[in-house]
Amino acid sequence: MEWIGLNQLRTAFFDFFKNKGHMLLGSYPLVPKNDNSLLLINSGMAPMKNWFLGKETPPSRRIVTCQKCIRTPDIDLVGQTARHGTFFEMLGNFSFGDYFKHEATKWAWEFVTCVLKMPQNKLYVTVYENDDETYNIWKNDIGISEDHISRLGKEDNFWEIGSGPCGPCSEIYFDRGEKFGCGRKNCGPGCECDRFVEFWNLVFSQFDNDGNGTYTRMKNPNIDTGMGLERLACIIQGVDNLFEVDTIREILAHVCEIAEVRYGESLKNDVSIRIITGI
Ligand SMILES: [Zn+2]
């Protein structure tokens, strides 16, 4: 696997999906427009809700974006650890009633193994526990061995965030190796330890949740995928923390320059430097 810079990863993703007939759109602002269910944009699909629900027509049935996102559940941990941040970019390819599971899985695999050249033996996929269709696509159409496919429950493999479009999903994991593992017999994708890193979530968006737990099947199912750009960069660049990714390291260096402090000299300063860099 070759080292690739974060900005080059973003471009490679755009080029790949443009070649598959997707229209490239810029990132939407972090503050949602005409959506009072969200304070800040937290995923690539969030600004596209009305397209997913069929309330408005998208400019193309195939779209690719890199969306600026903020997620705050771990805000108290930012700075304390080397992997928590609130701001990140999310790569995504989207289908609005156009292609569905077959293409989404096939293209994700092609991008990861042919463009990024990730070794196949390090890759694992998961499917929602009763989604036999996706299980069979990974196994029979793409040719992944059964010991690299696992079924996970609703907590891991059913995507929803507040109200709006949702559905079963399938995730791709990278195995960082035994030294990051917990050593337990059943360690695998979904384990709490640091060995298996989930980096791409393919959502088969086929329901609309009204926010009160009522799921309505949508007429035309959609595809919504999300891959954290910084997390992907960690894997490709072979680093195990956010602050060692090429572009983020530069932000951190700039923070140190302005504050006239050095990173790695005092624990107290390091936490502050990471908070300013990571939020
Ligand atoms: Zn484990």
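Throughout, read-outs are computed from the coordinates displayed, never taken from laboratory work. Small disclaimer: the values here were computed from a predicted structure and weren't measured. Here Cβ is always computed from backbone atoms with ideal geometry, including for glycine, and neighbour counts include all displayed protein chains.
Mind checking the angle between helix 267-278 and the chain's longest principal axis? C-alpha axes, 0 to 90 degrees, to the nearest 10.
40
If one takes the longest principal axis of the Cα atoms in the chain, at what angle in degrees, from 0 to 90 and to the nearest 10, does the Cα axis of helix 6-19 lie?
Tilt of helix 6-19: around 20 degrees.
Is the C-alpha gyration tensor of segment 1-99 telling us rounded, prolate or oblate? Criteria: a/c under 1.5 is rounded; beyond that, a/b larger than b/c is prolate, otherwise oblate. Walk me through the intermediate numbers first.
Values: a/c = 2.86, a/b = 1.18, b/c = 2.42.
Judged from the Cα gyration tensor, segment 1-99 comes out oblate (a/c at least 1.5, b/c at or above a/b).
Please identify the trypsin sites (Lys or Arg not before Pro) of segment 6-44 that satisfy two criteria: DSSP loop assignment and at most 12 other Cβ atoms within 10 Å. Which are they?
K33
Report the antiparallel proportion of the DSSP beta bridges in segment 6-242 as a percent, rounded to a multiple of 5.
85
Please say if segment 50-126 is rounded, prolate or oblate, where rounded means a/c under 1.5 for a ≥ b ≥ c the square roots of the C-alpha gyration tensor eigenvalues, and otherwise the choice is prolate for a/b larger than b/c and oblate otherwise?
Oblate, because a/c is 1.5 or more while a/b does not exceed b/c.
Output ³J(HN,Hα) for segment 166-177: one whole-Hz value per residue in order, computed from phi by the Karplus curve 6.51 cos²θ - 1.76 cosθ + 1.60 with θ = phi - 60°, and x for Gly and Pro.
After applying 6.51 cos²θ - 1.76 cosθ + 1.60, I find 7, x, x, 9, 9, 10, 10, 10, 10, 8, 7, x Hz.
Ranked from highest to lowest mean number of other Cβ atoms within 10 Å per residue, what is the order of the peptides 123-131, 57-65?
In decreasing order of mean packing, 123-131, 57-65 become 123-131, 57-65.
Show the residues, 5+ positions off or on another chain, whose built amide H is closer than 5 Å to the amide H of H84.
Correct list: G79.
Kirkwood Rh over Cα pairs of segment 197-279 into Stokes-Einstein at 10 °C, 1.306 mPa s: D in µm²/s?
Answer from the Stokes-Einstein relation: 100 µm²/s.
Output wanted: per-residue J couplings in Hz (rounded whole) for segment 87-98, from phi through Karplus 6.51 cos²θ - 1.76 cosθ + 1.60, θ = phi - 60°, x for Gly and Pro.
The phi angles translate into 8, 7, 10, 10, 7, x, 10, 9, 10, 9, x, 10 Hz.
How many percent of all Cα-Cα pairs in the chain sit more than 34 Å apart?
19
Can you give the charge dipole size of the chain about its Cα centre, rounded to the nearest 20 debye, using +1 on the beta carbon of Lys and Arg and -1 on the beta carbon of Asp and Glu?
About 400 debye.
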